[in-house]
Amino acid sequence: ELILMRGVSGSGKSTLTDLLLSKNDISIAADDFMIDDEGNYNFNLYRLNDCHKQCRDTVEESMKKGGIRIFVHNTFTEEWEMKPYLKLAQQYDYTVFSLIVENRHGSSSCHGVPEETIKKQKGRFEVCL
């Protein structure tokens, strides 16, 4: 199974993923590749595409092993952002679940995402029914 956790920054995607993870599950996000050797998160717009590629590559490598649930917790505000993962799921015969996480708990982004950026994310968020 491939579980795509969708939501704007600060909605709780990573927190919910951690609650749902079982022992052998995989949890991955593009943000994981912006963490330095000391464990500090350092957002870099110029590395964003590369971080998303690394995320997809990690998902594919995990799918090749098979038999595991994979949680991807990225914002996925627009349909096109999910398409590479949907393609991989089809290729490796994974069932896809897409969960929208809403910030009903009043949390803020653990990565310090500015409110203006979160507003932009909300403005382009597509519900794909």
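The values are calculated or read from the model by the stated rules, or taken from the named source; none is laboratory data. Quick caveat, the model's predicted, so the values are computed rather than measured. In this analysis, Cβ positions are derived from the backbone assuming ideal geometry, glycine residues included, and neighbour counts consider all displayed protein chains. These area figures cover heavy atoms from the full protein model, side chains too; ligands, DNA and RNA do not enter into them. Shrake-Rupley method; radii C 1.70, N 1.55, O 1.52, S 1.80 Å.
I need the calculated FRET efficiency for the pair S22 and V96, taking r as the beta carbon distance and R₀ as 22 Å, to the nearest 0.05. Intermediate values should be presented prior to the final figure.
Numbers: r = 18 Å, r/R0 = 0.81.
That pair, S22 with V96, gives E of 0.80.
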Note to self: So with the 1.4 Å probe, I'd like the accessible area per residue for the chain, rounded to whole Å².
What the structure shows: 63 Å²
Check: Using a 1.4 angstrom probe with every protein chain in place, what is the largest-first accessible-area order of C128, C55?
Finding: C128, C55
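In terms of the ratio Rg/(2.2 N^0.38 Å) built on C-alpha atoms, what value belongs to the chain? Display every interim value, and only then the final one.
Values: Rg = 14.3 Å, N = 129, 2.2 N^0.38 = 13.9 Å.
Normalised Cα radius of gyration, the chain: 1.02.
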Item checked: For a label point 7 Å along the Cα-to-beta-carbon line of F125, residues of segment 1-42 with backbone N under 17 Å -> 4-17
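Tell me, what % of the accessible area of the chain is carbon and sulfur with a 1.4 angstrom probe? Let's see the in-between values first.
Values: 4010 of 8130 Å².
The nonpolar share, carbon plus sulfur, comes to 49 percent.
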Notebook entry, point to check: Which entries in K64/K119; K64/K120; K13/K53 show an alpha-carbon gap greater than 29 Å?
Noted result: K64/K119; K64/K120
Item checked: Over the chain: helical MRE at 222 nm, DSSP H runs n ≥ 4 each giving -39500 (n - 2.57), nearest 500 -> -12000 deg cm²/dmol
Notebook entry, point to check: Under the Karplus relation 6.51 cos²θ - 1.76 cosθ + 1.60, θ = phi - 60°, what is the ordered set of whole-Hz ³J(HN,Hα) values for segment 26-35, x standing for Gly and Pro?
Noted result: 10, 10, 8, 8, 4, 4, 4, 8, 10, 9
Next item on the list: Diagonalise the Cα gyration tensor of segment 33-108 and give the resulting equivalent ellipsoid semi-axes, square root of 5 times each eigenvalue, largest first, whole Å.
Entry: 23, 18, 13
Check: Across segment 80-94, in residue order, what do the Karplus-derived ³J(HN,Hα) couplings come to in whole Hz, using 6.51 cos²θ - 1.76 cosθ + 1.60 with θ = phi - 60° and x for Gly and Pro?
Finding: 4, 5, 8, 3, x, 6, 5, 5, 4, 4, 5, 4, 9, 6, 9
